[in-house]
Structures are given as C-alpha cells and as structure tokens.
Amino acid sequence: LRRLELLTAQEAAQVRAASPLPEQVRAVVDVLAGKGSHASQSLQSFIESTNSQLYLHITVYEPMVQKHLESLQSCYGNGLEAAALQRLTNLLLVEGLTDIQQKEHDILQVETTKGLPSMAKSIPLEKLFLPLSKVSIPPRISVTIGVAGIGKSTLVKLFVCTWAKGEINRDIKFVLPLTFRELNTYEKLSAERLICSAFPHISEPGCIWAGAARTLLILDGLDEFKTPLDFSNAVVCTDPKKEIQVDNLITNIIRGNLLQEASVWVTSRPAAAGQIPGGLVDRMTEIRGLGAAEMKDFLDQMFLNNRDLSSRVLQHIRANRSLQVLCTIPAFCWISGSSIAYYLKHSSDQSQETTSAPRTLSEIYSYYFKMALSGDWLEKPRETLRTEQAVNTSKKLVGSLGRLAFYGLLRKKHVFYEQDMRAYGIDLTLLHSSLGTCLLLKEELQTSTAYCFSHLTIQEFLAALYYCTAAKRAIFDLFTESGMSWPKLGFLNHFRSAVQRSLQAEDRQLDIFVRFLSGLLSPQVTRLLSGWLLARDEHSGFRSQAVSVLLGCLNSDRAISSRAVNAMRCLHEIQHTDIAQAVEEAMRSESLAGMLTPVNCSALAYLLQVSDVCVEETNLSHCLTYNICKSLLSQLLFCHSLRLDNNQFKDDVMELLGSVLSGKDCQIQRLR
C-alpha cells in the first residue's frame, strides 16, 4: 500500500488499465487514480472502511508470523542432529517415477538397484523451492519420494526447523506442515478449516494467500492416506469455505482449484506418489540412501560408547552384499545393527551349533524380536529377568500385533488408531512396555493417537509370524478375515495360498511377507525362536514341501521377472541354496554355456543382484542365446558393467539390447 501511495494519479490510471489486478488492489488503485491534495486522507478512509484480505494481511502479519514460528520450533526443533542429517541436505532431482518404482515393493527396489543412487543431478535443500534458472519460476507442486525408512518425515522436520530459524527460504513467509496421518481422522474438511484446525493461531486463513506472503503447504506421507487420490473423478471445488471429502480437498489443492497461491510439497513412498498425474508435478526429488562413509558414521552414532562393537557390526554387514545393500536404508540399518550387536554380545554364551551369524532377513529379524522379548537392549542396562507371566504377556501382545499387522498389510494400511487397536483386542497399556515401544511408534494427534510399526518390515515380519502360527490350526482361508471361505486344511495349503496371493498381487506388497514366511521354516530361525514365538519343532516337517512350492514358481519359459527373483530369495531364506551355488560356481569358472534352463536363469537373475562375482563386471560371454537373452532382459538393466562378447548375436538380439539401453531404468554404464 505504501508503494502504491507514491504513484501519481496518471500512473495509477495506467496501472489500472494495463494490468489484471486482484479485486482488493484494484479498489486501492481506483482511489489513487482520482487522488488530489487529499489523496492520503482518501486512502486512509478506504483502508478503514474495507474488509479486504490485503488489509487483514497488513494488520495481523507480524504477530501471527512470530507466534507461528514459535509454534513450529517447539514442535519440530527437538531431536535433530546436524551431523547425522547431512545426507538430507542434498536431494536427487529426478524426472518422474521409473517403472520399478511404480510396480515394485520398496525393499525390492533397493535390492534391484543395489542401493545405488541414480545418475540424477542433486539439488540442495535450500534451493528445493527456488527456480532452477533465471527464466523459470518457482515450482508450485513439488513431490519428494523415498522408500520406507529412508527419512522422508525427518527431512520435513529438518526443513521446517531450519526455515523457522531463518536459515533458508526467507522468501517463504508461512510454512504449514501437515501429515496424512492427521488428515485420516477427518471425513470432510474445507480448505479454511484445514488450516485453522491444524494451526489455531492463524485466525484468518484468507490473509495467508495474499500475494505478498508466499506460503508453503507440506503434506507428509501420502502413502499413509486412507483413501486413494482419484484425479479423474474428483469433484471440482473452488470455495475455500465449502466442506468436502478430504481426498477431494487434496486433489483440488494439488490441481490449483483451492489455495492456488500456495506452493505444495508432498512426500511419499514411490508407488503411492504415482497417484499424482505427472503433468501436475513441477519438481520431483528423491532421497538417497546411506553411502559407505555415512553408514559407518550411522553405526558409530548407534554405538557411541563402544567403537569396537560398531566396527565389528560394520565388518559383518560389509561381508554380506545383500545386507549391505539394504543397510543403505537408515531404519533397516538400525534394525540390522541392533540384531548383529545382540548376536555378537551373546555368541560367546552359546554353543557353536547355535551361533551362526545372522545372514538372511528372517535371521536378522528373529534376533531383533528375541532381543525385544528378552528386554536385553544394547543402549540401556539389561532389564531384570522377566517372570514367566511377563514373558507370556509379551507373547500375547506379539500375537495380537501380528494379527493387526497381517490384516493391515492386506488392506495396505500402515497407520492405526486407538479404535483399531481395541478392535484387535490389544491392551493399550501394554504398548507402553519396552516391547511395545520397540515395535511401534506412537504419535499424539490433535483428535486422537496414531500408531505405526517402527518400519514396514517389522509389520511384515509380525504378519508372517501370525500367519505361520495361525496356519497350523486354521480351517478356512486366512486371507478372508471373516472366515467365510472354502475349507483350507493343513499348513502347506495355507503356505501355497500365501505364495499364490503374492504372485497375483499387482502391487507386489506381499513379497517380503512371503519371504519372511519362508524364512520362519529355516532350521536356524526355528532354533532361534523355539520357545519364544514358535513352538519347538512346530514347522520342521514342512520345509521340504515348502521348497517344492517355491521351486514351482521358477519353471517358466517366459521372461524372468522380479517374482522369480523373489522366489529365489525365498529359497535363500529357507536355506535351500543348492541351485544358486551351482550357477554361481559356473559363473566363476565361465562355464555357464548349456546350463541356463528356466530355473537356472532365475538363479542367474538373482545372482546378478547379490553375488560378489558380479560386483566389478557381469560376465555372460559364450552362454546366451536369443531366447535366454530375451528372458533375462529386464534383469540386465541393472548391471553397471556387462560383458556379452562371443555370443554370436544377430540383429534381433541387438534390437533387444537397444531397447534396454534407451529405457529410463537402465543403469548399464559399460557394455562389451
């Protein structure tokens, strides 16, 4: 207003004629265009008589901002250590989602890409909402993706805290962080109520959207939203006071029908981010995992008072390529580090027979649960020896949480509320125990309390434990919660049903569940959990039959898919490694020619991801035909250095390879 007041009447008239102006600003210019000696008095009279958003913005801006900053600093300013979060200060700038990100389970994404970041450019956190060049404009819709446990919510916390201190993005006057966990508690909301309910100190939301105050609305955790976003059929709404379904509210905000002056930042796991049409996303970024040095620093921070233990844990992780790849995810690194440290701490107390180091996913999580049940945490003194009653109570809690985890997994539900807990017979008072806090994270919301498992894989392991135990006595299909189904008797029938369900699931969300289910049949895991979570020798007789079921998934002449690779990983979990070992030995001796049957091709695809033989170079010389090359094509994408010489390839194979090299997922850097 003060800048407008300096205009002459002629200049004001020119502004009015030349520019499309907001209604409130046009009213001010109208006053100035006819100004004479009493211009200031006329302007003051206008200000006092109008109820415009611009006037509200000026009168409430400073005290409101101060109160907002104080509120954010109190909510987001705790528990952030700059050194540990250095990784999050640089994000990867990506051009949309790859096929594997849209179709595969988070863990499979990391395994397939070997935990290595894409070749994308990086962008500093402080430039996340700035134009990329002098001729571009700031992004309105930004999406940041990352697999479960990579640090998306921590990134939001870091950004909000850093902004509130005035260290970055000073052009943004308001940052409004919201979570989809909170939005799940509402059925209907208006844009105005959305802001006022989350930030009561902002009494007039209209003032925020005035052009002078750039606002950033953060929507954290799209993958946790209870309703899928449907941009094709969403009802259009432009009235900020009208209450509509929450999913429609979000789609209208993203489309720009509501709060169009605000920038929007959405965080999500990759597959869920695919709900937002690419044409609406102005900028997409990805959080990278831990590098080698960062993994070492992470473990040193975990075992701050025992660097020798940290070094031994890191040595164990680096000795297992599969484990090292997954430990690029901080949450998984924490679980693995805890389990390995627990094993190292107790290995001298046990007989040689039971002290083999954890190598598979199932073994890692078995040690983790054994540690949780015994109360023997590394970061605090060992709890007093538990009574039998306390142990039985813990087992009962694990059973109830397992049922919740399993049916939550089937519904793609990863956030639970108090009513969910009660519906599954979970005693809320037990969730405050050390076991409860080890398995669940609790978040106090404005209207309720939300719970989620400390990592997606914790939910999947609990679900597998429940299914493994329930399948022994269930007479109906466990995938039908009501129990109304054809009779299904015997553990093997239930195991086969679980494998078939995972193969049929388009979103691949049961793959790790089935991998854990297979692992629970392995001799090592059975020994570890006997008397704790599994009855002694409860499933020992089913191992060979389960192996036959898994091998049946490999007998296919079609393309080797990630489903076949996951079946090989299930065989590894169940400790049936004969096929993989034979193919790996043939790779070492360069004698693969003539032995690549469909089953062995599946083993080869699996070894491309996990074998040390393929670290420097994948040598497939003298062994590929057109059909074998075609079947392996989707798996060759992720070999950084690929040797294919002396295979007598003709034009048809060269066309196939050309299609691979032009694919968005392709990571081949050197080809012989």
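Some notes on this structure:
- Shape of the range 293-347, Cα gyration tensor, a/c cut at 1.5: oblate
- For peptides 151-159, 612-620, sequence by mean Cβ density within 10 Å, most packed first: 151-159, 612-620
- The range 542-671 shape via C-alpha gyration tensor axes, a/c threshold 1.5: prolate
- Efficiency of FRET from Cβ geometry, E585 and K630, R₀ 35 Å, rounded to 0.05: 0.90
- Centroid-to-centroid, using Cα positions, the range 569-584 and the range 163-185 are 48 Å apart.
- Long pairs among K188/K242; K241/K413; K121/K296, criterion Cα-Cα beyond 19 Å: K241/K413; K121/K296
- V143 long-range amide H proximity, modeled H, under 5 Å: V266, R283, M284, T285
- Descending by average beta-carbon neighbour count within 10 Å, the peptides 162-174, 333-345 line up as 333-345, 162-174, the highest first.
- Under-5 Å amide H pairs with L258, H placed in peptide plane, nonlocal only: I253
- Ligands, DNA and RNA are left out, and with a 1.4 angstrom probe the accessible area of the range 542-671 is 47 Å² per residue.
- The GluC sites (Glu not before Pro) of the range 419-528 that meet both conditions, a loop assignment by DSSP and at most 10 other Cβ atoms within 10 Å of the site Cβ, are E506.
- Solvent accessible area, Å² - F476, 1.4 Å probe, full protein context: 80
- Gyration tensor verdict on the range 388-529 (Cα atoms; rounded if a/c is under 1.5, prolate if a/b is larger than b/c, oblate otherwise): prolate
- Each other residue within a Cβ distance under 12 Å of P330 adds +1 if Lys or Arg and -1 if Asp or Glu, for a net charge of +1.
- Formal net charge of residues neighbouring K413 (Cβ-Cβ distance under 10 Å; K, R +1; D, E -1): +1
The values are calculated or read from the model by the stated rules, or taken from the named source; none is laboratory data. Just so it is clear, the model here is predicted, and its values are computed rather than measured. Methodologically, a virtual Cβ is constructed for each residue, glycine included, from the backbone with ideal geometry; neighbour enumeration extends over all protein chains shown. Accessible surface areas use protein heavy atoms only, side chains included; no ligands, DNA or RNA. Shrake-Rupley method; radii C 1.70, N 1.55, O 1.52, S 1.80 Å.
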